[in-house]
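Colleague: So that we are looking at the same thing, I have put the structure below in structure tokens.
The values are calculated or read from the model by the stated rules, or taken from the named source; none is laboratory data. These figures come from a predicted structure and were not determined experimentally. Using ideal geometry, Cβ is built from the backbone for each residue, glycine included, and neighbour counts are taken over all protein chains shown.
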Amino acid sequence: MKRGIIISVSLFVTLVAVVSCGSVRHSSADPVPGSELDGYASDHFFREGIKLYNEGHYDAAMDLMSRSLEYDTASAAACYCLAQYYMSLQDRALLEKYNGKARRLLERAVRLEPDNYWYRRLLAVSYLRQGRQADAIEQYEDISRRFPGRTDVLITLAGLYDDAGDFEKELRALERYGRLEDAADELKFQRFVCYLQLGELDSAYYESDNPAEVIELLMNTTRDMIEKAETNLDKIRCRSLLDIVMNFCDVVSSHEPGLAQAYSQKSIGYFWMGLNDEALDVLSKGLRKVNTDMDRAMLYNLRGDFYHTLGETPRMYADYDSTLIYDPGNINVLNNYAYYLSVEGRDLKKAQAMSAKTLEAEPLNATYLDTYAWILFKMKQYKEALGYMEKALRYIDRDNPEIYEHYGDVLFMCGEKEKALENWHKAVQFNSTSATLDQKIKQQKYLE
């Protein structure tokens, strides 16, 4: 959503040509030139200023425009042209210096010709540049009343109200825009966010065409904010947003009890908060409510991942088994299951069969190649493992310390000690968290 307005030089020229025509330069309520000669002088300098501006002599043009204003202080057009010139200065110091003068010129132009759209619009921009948001909003509201067909103003207003946290007024601006442009459907997401911020979660639900996607988007956004939070205020805001998202999950569940994402995303929220029992309870509830095999697989998979994080290995394997009952081709679970078995050194034939399925589906996936190689390593098939590790390194798409450590392990067992040390050092460079890596390097040998 755009927050500002950019007025180009070509638009300036067009507008100057418009305001310089006819009698639009004066208002009957304002002072008139002291003499007819003053009026002619003002008109002359104004038109010569326009001419020079069109020829690209901007400074000289504005000097003449200033002379025009000296002869006729009631020239709204001259006020406007001078203000726009000051606001377009490229030198930051000069821009700051003349900000106030530009605003005062525009305020005078608006007083002289209150029904001129362009004067009011640029005055609102001037207020925004100076951080006077309330004045800008008041000006845009006045514009929207005087020019009800200018829907671009309504969108700008909606954005300003959003920045100010006035979501009720933002909603009204969006509704007015939607009626005028017959675009109510296009604004559903903006309205959804407003209702969410206002805590009107049922209204927010009715604005969401795809609640599953919306919930995931909200939770991912919240996760990103949590990861970037630095100050206590940022953390409080993140927690507040997380509470809103989790409450919205409950509202979605009340309308669509079988929607798996409402349970999965709320459980993720609880898990982030360290409320592990609550996270697991939500998933158990979801498993009783969802209707499709794929949804059941998704929830079992997530719960299995939680159990892995919690170190509850038997429950993890049980949930992975359940996942594969409902979704036998879930290659992510097949890979994880196989790898965890290999780490424990158990059921290696079963692990190999599962890992082979992942390579059938994605033969160039470095992670899956590494898993298969590690299973072969655990089966003491070192030469075969080396081939798969080298292939994994050919297709690696990012620096992965675990793969480099595994490659070093395989190389060591194949009798290539120097190359093994080289790759263990690479793993260290890529911030490995391995508990044994430092000792491998220090003792120059493979350690379990």
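Colleague: Can you tell me which residue among L241, L187 is at pLDDT below 90, of a type in the set (A, V, I, L, M) and within 16 Å of the chain's Cα centre (by Cα)?
Modeller: Within the list L241, L187, the selection yields L241.
Colleague: Output the residues belonging to segment 390-409 that are in a helix (DSSP H, G or I) and closer than 20 Å to N431 by Cα. First the steps, then the outcome.
Modeller: Here is the first cut: in segment 390-409, the ones in a helix (DSSP H, G or I) are 390-394, 401-409.
Matches in segment 390-409: A392, L393, P401, E402, I403, Y404, E405, H406, Y407, G408, D409.
Colleague: Hey, does segment 312-334 have a residue that's over 22 Å from L259 (Cα atoms), modelled with pLDDT of 95 or more and surrounded by 24 or more Cβ atoms within 10 Å (Cβ to Cβ)?
Modeller: Yes: segment 312-334 contains one or more residues that are over 22 Å from L259 (Cα atoms), modelled with pLDDT of 95 or more and surrounded by 24 or more Cβ atoms within 10 Å (Cβ to Cβ).
Colleague: Follow-up. Yes or no: R121 assigned by TED's automatic domain parsing to the domain that holds L37 and either surrounded by 15 or more Cβ atoms within 10 Å (Cβ to Cβ) or in a loop (DSSP other than H, G, I, E, B) (or both)?
Modeller: Numbers: assigned by TED's automatic domain parsing to the domain that holds L37: yes; either surrounded by 15 or more Cβ atoms within 10 Å (Cβ to Cβ) or in a loop (DSSP other than H, G, I, E, B) (or both): yes.
Here the answer is yes, as R121 does meet what is asked.
Colleague: Against the conditions (1) in contact (Cβ under 8 Å) with a residue 12 or more places away in the chain; (2) within 23 Å of Y127 (Cβ to Cβ); (3) surrounded by fewer than 21 Cβ atoms within 10 Å (Cβ to Cβ), where does T156 fall short? Just the number, please.
Modeller: Among (1) in contact (Cβ under 8 Å) with a residue 12 or more places away in the chain; (2) within 23 Å of Y127 (Cβ to Cβ); (3) surrounded by fewer than 21 Cβ atoms within 10 Å (Cβ to Cβ), T156 violates only (3).
Colleague: Now for a different question. Filter segment 159-182 for residues that are surrounded by 14 or more Cβ atoms within 10 Å (Cβ to Cβ) and more than 24 Å from L122 (Cβ to Cβ) and give the result.
Modeller: If the condition is that a residue be surrounded by 14 or more Cβ atoms within 10 Å (Cβ to Cβ) and more than 24 Å from L122 (Cβ to Cβ), then F167, L171, R172, L174, E175, G178 are the ones that fit.
Colleague: For a quick check of your reading: which helices (runs of 4 or more DSSP H) sit entirely within segment 187-254 and have at least 3 residues that are outside the structural domain of Y161 (by TED's automatic domain parsing) and closer than 21 Å to V282 by Cα?
Modeller: It comes to 211-228.
Colleague: Continuing with the same structure: Filter segment 207-221 down to residues that are exposed (fewer than 15 other Cβ atoms within 10 Å of the Cβ) and within 13 Å of Q190 (Cα to Cα), then give me how many there are.
Modeller: Total meeting the criteria: 1.
Colleague: Under 6 Å by Cβ, and 6 or more places apart or on different chains, what pairs join a residue from segment 298-309 that is touching a residue at least 24 places away in the same chain (Cβ under 8 Å) with one that is β-branched (V, I, T) and in a helix (DSSP H, G or I)?
Modeller: The qualifying pairs are Y300/T323; N301/T323; N301/V333.
Colleague: Could you list, in sequence order, the residues of segment 274-333 that are aromatic (F, W, Y) and over 32 Å from the mean Cα position of the chain (by Cα)? Give the steps one after another, and end with the answer.
Modeller: So in segment 274-333, the residues aromatic (F, W, Y) come out as 300, 306-307, 317, 320, 326.
Scanning segment 274-333 gives Y317, Y320, Y326.
Colleague: Are any residues in segment 207-226 among the acidic types (D, E) and at pLDDT below 90, and if so, which ones?
Modeller: D209, D224 - these are the residues of segment 207-226 that are among the acidic types (D, E) and at pLDDT below 90.
Conditions tested, residue by residue: (1) part of a helix (DSSP H, G or I); (2) of a type in the set (G, A, S); (3) modelled with pLDDT of 95 or more; (4) within 28 Å of E170 (Cα to Cα).
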site	(1), (2), (3), (4)
A74	no, yes, no, no
A77	yes, yes, no, no
Y80	yes, no, no, no
E96	yes, no, no, no
N99	yes, no, no, no
R103	yes, no, no, yes
G131	no, yes, no, yes
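Colleague: Related question: Applying the selection to segment 426-438, what residues are surrounded by fewer than 18 Cβ atoms within 10 Å (Cβ to Cβ), assigned to a helix (DSSP H, G or I) and either at pLDDT 95 or above or of a type in the set (A, V, I, L, M, F, W, C) (or both)?
Modeller: Scanning segment 426-438 gives a single hit, V428.
Colleague: Within segment 235-252, identify whether any single residue is of a type in the set (S, T, N, Q) and without any contact (Cβ under 8 Å) to a residue 24 or more places away in the chain, and answer yes or no.
Modeller: Just the residues of segment 235-252 that are of a type in the set (S, T, N, Q), to begin with: 240, 247.
Those still in the list that are without any contact (Cβ under 8 Å) to a residue 24 or more places away in the chain too: 240.
Yes: one or more hits.
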